[in-house]
Structures are given as structure tokens and as C-alpha cells.
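What follows is a set of notes on a single structure, which appears directly below.
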Amino acid sequence: MIELELSAAERDARKLKPAQLERAVTAIRDDGFIVLHQAIESDHIAALREKMLADVAAILALDDVPYQFNDGHLQQDPPPFAPYLFRDVLLNDLVVEITRAVLGEGVKNSFYSGNTCLPNDTQQPLHVDAGQLWPDLEVATPAYTLVVNVPVVDATAENGSTEVWPGTHMDTTRTFGEDIKLAPEDEARRRQECRPLQPAVPAGSVLIRDMRLWHRGMPNRSDRPRPMIAMIHWPHWWHTGKPLLFPKGTEEFFADSPLQTVAEFVEGPIDYIGRNKKYDYKG
């Protein structure tokens, strides 16, 4: 597993050294993921942590709680308004430098949500977020989309750090649009080749992974929820569908970034608490 420790110079310049960038790109190509340490200011993470932990109660009080696969895992959106919008979360220069190097110029973000692992002893089914673009490939294509995960508490094996299966993004048996869950025999076969990991991702660090990578939410054996923000970066040629909603007046926040945010700026409150629905994906 490759982890990038940022130097003080890299943090100050918001730019990776060429060798660091090459390591990140190589890790995503070979393993399917990379952990980038200390990429986000601690006070920004603290503000999001306080708000998202407080929001858990409101989500659990909904008539239709947006569980992901089972009752231990919530879909939870971060607050999409000030004072909770931070450039080093949504538009992080170091993250975008990596995703641009993998996906090319014109990279865009069309997702701002997340997964909160509640205290529980259940795990999600092993799954991919998307399969290969074309069926019957002999060799997988390069990455066509990357998930950017930002835990707002330290993510550990104890509190349900996401389990990842290195190298499984190169598996060609899953095609985009098919059932994203892996069968038990797939898991047993792959376990003979490469065992899964639960990377420790401290708050303020970022996990970037290929969307095709096998993974699942794991039990949280601590006494408090583990919220984790998720964004999805796409190449410029991908049609991303519905825009993200942000309040009018925040347009300037998203300006002057090499990352395009697929956004609509709207009047009035945004129902970020109640808009998600329960799911058990089949494609």
C-alpha cells in the first residue's frame, strides 16, 4: 500500500514534487488507490466533523433512512453551504493534481455526499461502484473515474475504515451498469491471490481510489459514528447528469480551480438531510 507523506514545502505550495506525483499515479494504476496524508486543514475537518456528527440524529429520524445496503451504513451529505465550504476539501489542489494526472485535463466533480458507518457489527456486501466500460476485455482500460474520500474522524479498522482489495480494479468480469455486488465465489477466488486491507486514514487525509476497485463498508466497533465525505472526479468527456446544488452567492467559491464542479446555484434552503434514499444497488 502506497501512502504519500507531504512535506511542509508541498503543503505550503499546494503542489506535489514530481516524484511524489509519479508515485501517486503509479499506485492508482497498479493498486487502485492511494492515501494522501495531511492534505486538509485540521480546523476545516473539525468544523465538518461537528456538523456531520450532529446531523446523524436528524437523518436517523427520517421516515426513510438512507441506509446503504444494510442498517449499519448511512448515506450522508455534508452541508453544502457556508461556513462549511472549504476549498481544501472540495477543490483541493493536491488531490486535483493527482486526478488530473490520471484522468487528463478538464476533470470535473459531480458528487458531494458520503458514507457514515454507525456503531454496528455488520458489513456491506463486497462490491464495486462501477465496472469496466466495455464487456469482454482481455486487459482493463486505464481509470476513467476516481472517488475521493475524506474521513472527518480518524478512520481505523476499529471504527469501520473501508476495506479495499488491491488490484481488483483490473478485473474485467464486471461491466458498467451490471449488478455491482460480487458473488461469494468471486471473493473466495480473489482472496487466494491478494488479501484485502483496511487502510488507516487519519482525519485530514484523503483516500483516492479507482471506482472499479472492490471494496465494502465494515463494522464499526467504536461508540460513535464514522462519517466520510465522498466526491467523484470524472474526465471531461463523461456526461455527469444532474448538477450538485449550492446556494446562490457561492459561485465565487468555485472559481479559479482546474477542477470543474458540476453545479447549479439555487435560492432558498437545500434539503441535504432528507434527499437521499435507501438503496441496495443492482447496477
Task: Of all residues in region 144-164 being of a type in the set (A, V, I, L, M, F, W, C) and within 15 Å of the chain's Cα centre (by Cα), the one that is surrounded by the fewest Cβ atoms within 10 Å (Cβ to Cβ) - done: VAL147
Task: Residue list for region 48-89, filter: part of a loop (DSSP other than H, G, I, E, B) and without any contact (Cβ under 8 Å) to a residue 40 or more places away in the chain - done: ALA61, ASP63, PRO83, TYR84
Open item on the list: Is it the case, given these coordinates, that ALA58 is touching a strand residue (DSSP E or B) at 6+ places or on another chain (Cβ under 9 Å), exposed (fewer than 13 other Cβ atoms within 10 Å of the Cβ), at pLDDT 95 or above and among the aliphatic types (A, V, I, L, M)?
Closed with: no
Open item on the list: Of everything in region 26-47, what is touching a helix residue (DSSP H, G or I) at 6+ places or on another chain (Cβ under 7 Å) and part of a helix (DSSP H, G or I)? Give them in sequence order.
Closed with: ILE28, HIS44
TODO: Determine whether region 178-192 contains at least one residue that is β-branched (Val, Ile, Thr) and in contact with a Leu (Cβ under 6 Å, 6 or more places away or on another chain).
DONE: no
- [ ] Sort out which residues of region 221-238 are more than 13 Å from ASN115 (Cα to Cα) and of a type in the set (D, E, K, R), and write them in order of number.
- [x] ARG221, ASP223, ARG224
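The values are calculated or read from the model by the stated rules, or taken from the named source; none is laboratory data. Being a predicted model, the structure only gives us computed values, none of them experimental. Note that we place each Cβ from the backbone using ideal geometry, even for glycine, and neighbour counts take in every protein chain shown.
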